[in-house]
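Scroll down for the structure; my scribbles are underneath it.
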Amino acid sequence: MPSIRGLREGSVARQMLQLQVLVVLALVVAAVALAAYDARRDVRADAADRAVAVARTVADSPTTLSALASTDPSVRLQPYAERVRVDTGVDFVVVMDLDRTRFTHPEPDRIGKPFVGDLGDAPEGGTFTQEYRGTLGPSVRSVVPVLDGNQVVALVSVGITVDRVDDQLRQDLLLVGICAAVVLGVGVLGAWLVSRRLRRQTHGMGEREMTRMYEYYSAVLHAVREGLLLLDSEGIVQLANDEARRLLSLPEDVVGRSVHELGLPPGLVAAAVGDTAESDDIYVAGDHVLVVSSAPATWADRDVGAVVTLRDHTDLQAVTGELDVVRGLTDTLRAQTHEASNRLHTVVSLIEMGRPAEAVDFATEELQLAQMLTDRVVSAVGEPVVAALLLGKTSEAAERGISLSVDGEVPPGAVDVPARDLVTILGNLIDNALDAVAGRDARRVAVTVGGSGAQLKIIVEDSGPGLSDDDARHVLERGWTTKATSDAEGGHGVGLALVGQAARRHGGSVEIGPSTLGGAAFVVTLGGTS
């Protein structure tokens, strides 16, 4: 809603209305002035042409020559001249001798008196027109010769008074005025309609308010840490702030392009252009793990597009992965504590029963099995965090009745890959494999790690149902999962996408194929540098 100051200064719509009305008024006034000038010129030119035409008609009439040959020309010429004057609507028709003596006149008492005014070149056979003040007042008159063969024998002057000309001009100007009023009314109405539409579009704000709003809007967009995308109802990007461009690696010319043309993950595109709101869904885009929220944008109960917010949770997701490892180790230690307690009770019971030799054998055997597992995992993977992860997953698998084997050897520091990324890759692949074999008759998972120069290869195989060719193509996309839909919506479907992201970050790749165990095999190859 516009402020009091904005109302006092005048909205943009009001200023536009005033400017348009002034422009229309100026154009109408200029048009009326030009039309009046043209009308005045045309009326006088028409009067002069009419006077010349009537004068020539009288001069060429046989009646005129016949009357001039008589002893008293006025007797025959006066009635004829008056009849012509009345019929043609002129104000006077004067036939005169070459010495200016009038033979006819609208006022009979002026017959026989000299003609007042210039004759121009009419006595020499020419045609002369002028605007002159005579005995009847100002008039537009013409003078033409009366020829008998090639000899000028008399002159004819026909005139139209300026008052009559002005009457015609006033009629023309009245029509011009009516047209001008109509044009002005239509122009003002059009300006008002445009102003009304502009007022709705600018919400009645003044120019200073709009300037301040744009400045604040630009400052906020560049200051917020979340990415922001605004899409219209057709999925065309109307706005993308700096953070959105960074997180999604958007091109400079992103505004005005369809979100489908930007190479974004299909799931993210579907969330952006969907009809329903989404809140805090996780998507993987390039090297970033994003928490995405989208909501339809409406104005005055009208759908105008969608608002998409993006938050970078890449680091948080990595820390969460490490926390999951620690939580898994904690659960494993808790289970092992419980198991150790059971074993200790067994040893104590054997001793109480007087069977110490069996107690020693039982305790020694359990210790050797645990130590062998630990030695095998630690020798295969020199990285302590990864070794701890594998030990925890081995114990978890044992609790679930799954055989998990770890083979290979990676000396500490052989490959320059952060432990955080190794935990992400191994943890998600093993979890996926354990879930895949759950409920199967043969439940086996094999993990093979090996380092060679600047490369590290990780292979995780399972005896699960395997993957179809179509699933293998989409398995690394966000949202793909073998779990139930409700579980997927609860956060699954991201782990394998994170595996692909971590592999790409270190110049590696992920290949999916059939396993010798009967299920699926994931082969991750990592480079030595990120």
**OP:** Mind telling me which of the residues ARG83, ARG56 ends up being of a type outside the set (S, T, N, Q) and surrounded by fewer than 16 Cβ atoms within 10 Å (Cβ to Cβ)?
**Re:** ARG83
Original post:
With VAL95, VAL86 as the choices, which residue is closer than 21 Å to GLN151 by Cα and more than 60 Å from the chain's Cα centre (by Cα)?
Top reply: VAL95
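Each row is one residue, and each column tells you yes or no for (1) free of Cβ contacts under 8 Å to residues at least 40 places away in the same chain; (2) aliphatic (A, V, I, L, M); (3) touching a Leu at 6+ places or on another chain (Cβ under 8 Å); (4) surrounded by fewer than 14 Cβ atoms within 10 Å (Cβ to Cβ).
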| position | (1), (2), (3), (4) |
| --- | --- |
| MET205 | no, yes, no, no |
| LEU229 | no, yes, yes, no |
| LEU239 | yes, yes, yes, no |
| VAL255 | yes, yes, yes, yes |
Subject >> Boolean, THR104 is buried (at least 20 other Cβ atoms within 10 Å of the Cβ), β-branched (Val, Ile, Thr) and assigned to a loop (DSSP other than H, G, I, E, B) >> reply: yes
Subject >> The lone exception for VAL140 - which of (1) touching an Asp or Glu at 6+ places or on another chain (Cβ under 6 Å); (2) in a helix (DSSP H, G or I) it fails >> reply: (2)
Original post:
If LEU155 passes every condition in (1) in a strand (DSSP E or B); (2) at pLDDT below 90; (3) closer than 13 Å to VAL52 by Cα; (4) not acidic (Asp, Glu) but one, which one does it miss?
Top reply: (2)
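If a residue counts only when it is touching a strand residue (DSSP E or B) at 6+ places or on another chain (Cβ under 7 Å) and modelled with pLDDT under 75, which strands (runs of 3 or more DSSP E) contained entirely in segment 204-289 have at least 1 such residues? Even if it seems obvious, please write down each step before you answer.
Numbers: elements: 227-231, 237-240, 278-285.
Hits in segment 204-289: 278-285.
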**OP:** Take ALA433 and decide whether it is more than 24 Å from GLY267 (Cβ to Cβ) and at pLDDT 85 or above.
**Re:** no
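Condition check ((1) part of a helix (DSSP H, G or I); (2) of a type outside the set (D, E, K, R); (3) in contact with a Leu (Cβ under 9 Å, 6 or more places away or on another chain); (4) assigned by TED's automatic domain parsing to the domain that holds ASP167) across all residues:
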position: ASP46; (1), (2), (3), (4): yes, no, no, yes
position: ALA59; (1), (2), (3), (4): yes, yes, yes, yes
position: THR71; (1), (2), (3), (4): no, yes, no, yes
position: VAL84; (1), (2), (3), (4): yes, yes, no, yes
position: ASP99; (1), (2), (3), (4): no, no, no, yes
position: LEU119; (1), (2), (3), (4): no, yes, yes, yes
position: GLN130; (1), (2), (3), (4): no, yes, no, yes
position: VAL146; (1), (2), (3), (4): no, yes, yes, yes
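Each row is one residue, and each column tells you yes or no for (1) hydroxyl-bearing (Ser, Thr, Tyr); (2) closer than 17 Å to ARG164 by Cβ.
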{"residue": "ARG100", "(1), (2)": "no, no"}
{"residue": "THR104", "(1), (2)": "yes, no"}
{"residue": "PHE115", "(1), (2)": "no, no"}
{"residue": "GLN130", "(1), (2)": "no, yes"}
**OP:** Can you tell me which residue among GLY500, GLY464 is within 36 Å of the chain's Cα centre (by Cα), under 18 Å from ALA433 (Cα atoms) and at pLDDT 50 or above?
**Re:** GLY500
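Kindly indicate whether any position in segment 458-465 is in the same structural domain as SER403 (by TED's automatic domain parsing), free of Cβ contacts under 8 Å to residues at least 12 places away in the same chain and surrounded by fewer than 23 Cβ atoms within 10 Å (Cβ to Cβ). Quick ask: steps written out before the conclusion?
Residues of segment 458-465 that are in the same structural domain as SER403 (by TED's automatic domain parsing), as a first pass: 458-465.
Restricting the remaining residues to those that are free of Cβ contacts under 8 Å to residues at least 12 places away in the same chain gives none.
No: zero hits.
Counting only residues that are of a type in the set (S, T, N, Q) and in contact with a Gly (Cβ under 9 Å, 6 or more places away or on another chain), which one in segment 202-256 is farthest from VAL304 (Cα to Cα)? Talk me through it step by step, then tell me what you get.
Applying the first criterion (of a type in the set (S, T, N, Q)) to segment 202-256 yields 202, 211, 218, 233, 238, 241, 249.
Cutting the leftovers down to in contact with a Gly (Cβ under 9 Å, 6 or more places away or on another chain) gives us 233, 238, 241, 249.
Working: SER233: 5, GLN238: 11, ASN241: 19, SER249: 25 Å.
Among them, the one singled out is SER249.
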**OP:** Go through segment 65-83 and give me each residue that's of a type in the set (Ser, Thr, Tyr) and farther than 22 Å from ASP109 by Cβ.
**Re:** SER66
**OP:** Determine if segment 376-390 includes at least one residue that is surrounded by 13 or more Cβ atoms within 10 Å (Cβ to Cβ), among the hydrophobic types (A, V, I, L, M, F, W, C), in a helix (DSSP H, G or I) and modelled with pLDDT of 75 or more.
**Re:** yes
**OP:** Output the number of the condition that ASP407 fails; it satisfies all remaining conditions of (1) modelled with pLDDT under 70; (2) within 28 Å of GLY439 (Cα to Cα); (3) of a type in the set (D, E, K, R).
**Re:** (1)
Subject >> From the options LEU98, LEU65, LEU77, residue that is touching an Asp or Glu at 6+ places or on another chain (Cβ under 9 Å) and in contact (Cβ under 8 Å) with a residue 24 or more places away in the chain >> reply: LEU65
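The values are calculated or read from the model by the stated rules, or taken from the named source; none is laboratory data. Just so we're clear, the structure is a prediction, and the values are computed from it rather than from any experiment. Glycine also receives a Cβ, built like all others from the backbone with ideal geometry; neighbour counts cover every protein chain displayed.
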